[in-house]
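The values are calculated or read from the model by the stated rules, or taken from the named source; none is laboratory data. Note that the coordinates shown come from a computational prediction; the quantities given were computed from them, not determined experimentally. Don't worry about glycine lacking a Cβ; one is built from the backbone with ideal geometry, like all the others, and counts go over all protein chains shown.
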Amino acid sequence: MHGFSYKNGSLHCEDVDLTTLADQYGTPLYVYSAGTILDHFQRLDAALGGVEHEVAYAVKANSNLSVLRLLAEKGAGFDIVSGGELFRVIKAGGDPAHCTFAGVGKTRDEIVYAIQQGIYSFNVESEEELRYINQVAGELGVIVPVAVRVNPNVDAKTHKYISTGKSENKFGVDFEAIDGLYDRAARELPNIRLRGLQMHIGSQLTSIDPFIEAVEKVKPLVKRLKERHGIEFWSIGGGIGIIYKGSLASGDVAWWSNQAQDNAPLSIERYGHALVPRLQDLGLKILVEPGRLIVGNAGVLLTRCLYEKKGSAKTFKIVDAGMNDLIRPVLYEGHHEIVPLQEPSSDAKVTVDVVGPICESGDFFCQDRELPDFQPGDVIALMSAGAYGFAMASNYNSRPLPAEILVSGNSSSVIRARQTLDDIIAGETGA
């Protein structure tokens with residue numbers, strides 16, 4: 001499900017009119033549906049019910065404290081990639097003992113902080129990192145749980161910037177080297193505990209086949225590591241894709257959702273149905289690390305049209321959000337559906353570029369796309385903006401970060417205030 005639909009001609013998030021929010025809080029404005037976040041988390045949790053498991057939300061997708069608190073209250077674990085993300089999880093009420101710390105470049109300060117907080121495991125990306133964690137743990141006089149990230153060399157067939165499971169990617173240790181690394185670690189590194197194995201082949205996967213291929217390839221390795229080293233868990237990563245392209249019909253509750261609809265390339269339920277039987281005989285705890293799946297379709301970015309510029313070659317709709325607010329279209333060639341908050345009265349379309357105010361040619365949300373002919377002053381919604389939207393926003397061009405709103409039923413709350421100009425320069429010193 002998702003929480004966005006037209007009601008009485010106006011686009012709503014759950015039972016809250018988005019026009020009201022735009023008028024009250026201004027634009028650009030991020031709005032999230034709490035119901036959608038919880039639905040996706042709970043459905044994935046249920047789909048994995050046939051094995052001991054934990055759903056560890058990937059904090060990097062959307063790290064707002066209110067989003068983290070919402071998931072922590074439902075028993076989520078957390079996949080973190082920095083000390084700052086661990087700090088956020090703790091502030092939101094999450095349990096460090098249910099946090100796994102990934103990432104290829106952990107610093108000493110981050111390693112020490114994570115050890116002190118008692119995280120569940122470090123997900124280690126190289127032998128050099130493994131030896132360094134052992135050294136730090138030895139200096140602190142503790143034994144630290146780790147899992148090495150295996151690179152299974154499986155082509156996820158996703159965008160090159162979000163592919164992580166091939167041998168040319170910077171992540172993980174080559175599949176053929178894992179046995180030897182675990183054996184050396186057991187002999188030579190007394191301050192680490194080999195607690196598990198981790199893998200993640202990429203993001204925004206829309207077919208079950210790469211998941212099956214990776215699980216079947218790595219499963220014999222997992223069995224050997226359990227027998228030789230007593231590992232307790234296998235993290236199979238995240239990566240389930242969401243639907244970015246679709247059409248929003250009045251009252252439609254299936255648009256770009258992960259329900260088992262004809263237009264859904266991979267549903268949560270199909271994912272669980274395919275993988276759980278392949279994991280049940282291991283007798284291990286299975287971790288999954290979804291991010292985009294949980295929050296992607298739970299958020300929209302609202303932006304107001306400022307001007308229409310008609311040139312000899314193109315028509316530009318200039319809006320008040322820019323690539324600093326939502327960078328996915330230029331960074332990942334990401335597609336976001338664009339819909340007006342007021343339901344169009346006809347099917348008439350115009351071909352336009354929707355662009356922002358940033359001084360960059362890459363500052364666009366779509367190019368040469370047929371859209372309803374919204375006018376200056378109208379507010380539009382960039383759909384499926386809940387993941388890697390605000391989390392990747394910046395102050396480029398000295399623009400304040402947008403506010404964020406969380407909607408639950410017919411109520412809404414500000415979960416991040418809009419930045420002021422003073423906020424932007426806080427911490428700087430004058431000449």
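Details
- The residue list K106, K91, K60 contains one member that is basic (K, R) and surrounded by 22 or more Cβ atoms within 10 Å (Cβ to Cβ), which is K106.
- Lone unmet requirement of (1) part of a loop (DSSP other than H, G, I, E, B); (2) at pLDDT 95 or above for A254: (2)
- Of the strands (runs of 3 or more DSSP E) lying entirely inside region 92-153, not one is found with 3 or more residues being out of contact with any strand residue (DSSP E or B) (no Cβ under 8 Å at 6 or more places or on another chain).
- Condition met for D39 (touching a residue at least 24 places away in the same chain (Cβ under 8 Å), under 30 Å from L279 (Cβ atoms) and buried (at least 23 other Cβ atoms within 10 Å of the Cβ)): no
- Criterion violated by N397 - all others in (1) over 28 Å from G241 (Cβ atoms); (2) without any contact (Cβ under 8 Å) to a residue 40 or more places away in the chain; (3) not charged (D, E, K, R) satisfied: (2)
- Strands (runs of 3 or more DSSP E) completely within region 292-353 that count 3 or more residues being in contact with a helix residue (DSSP H, G or I) (Cβ under 9 Å, 6 or more places away or on another chain) and on the phi < 0 side of the Ramachandran plot: 299-310
- Check on H2, buried (at least 22 other Cβ atoms within 10 Å of the Cβ), out of contact with any helix residue (DSSP H, G or I) (no Cβ under 6 Å at 6 or more places or on another chain) and not hydroxyl-bearing (S, T, Y): no
- Hey, V89 among the β-branched types (V, I, T), in contact (Cβ under 8 Å) with a residue 24 or more places away in the chain, farther than 18 Å from S66 by Cα and in a helix (DSSP H, G or I) or not: no
- Spans of strands (runs of 3 or more DSSP E) in region 1-86 with at least 2 residues small (G, A, S): 53-58
- Residues of region 123-135 satisfying the condition of being farther than 18 Å from V81 by Cβ and in contact with a helix residue (DSSP H, G or I) (Cβ under 9 Å, 6 or more places away or on another chain): E127, R131, N134
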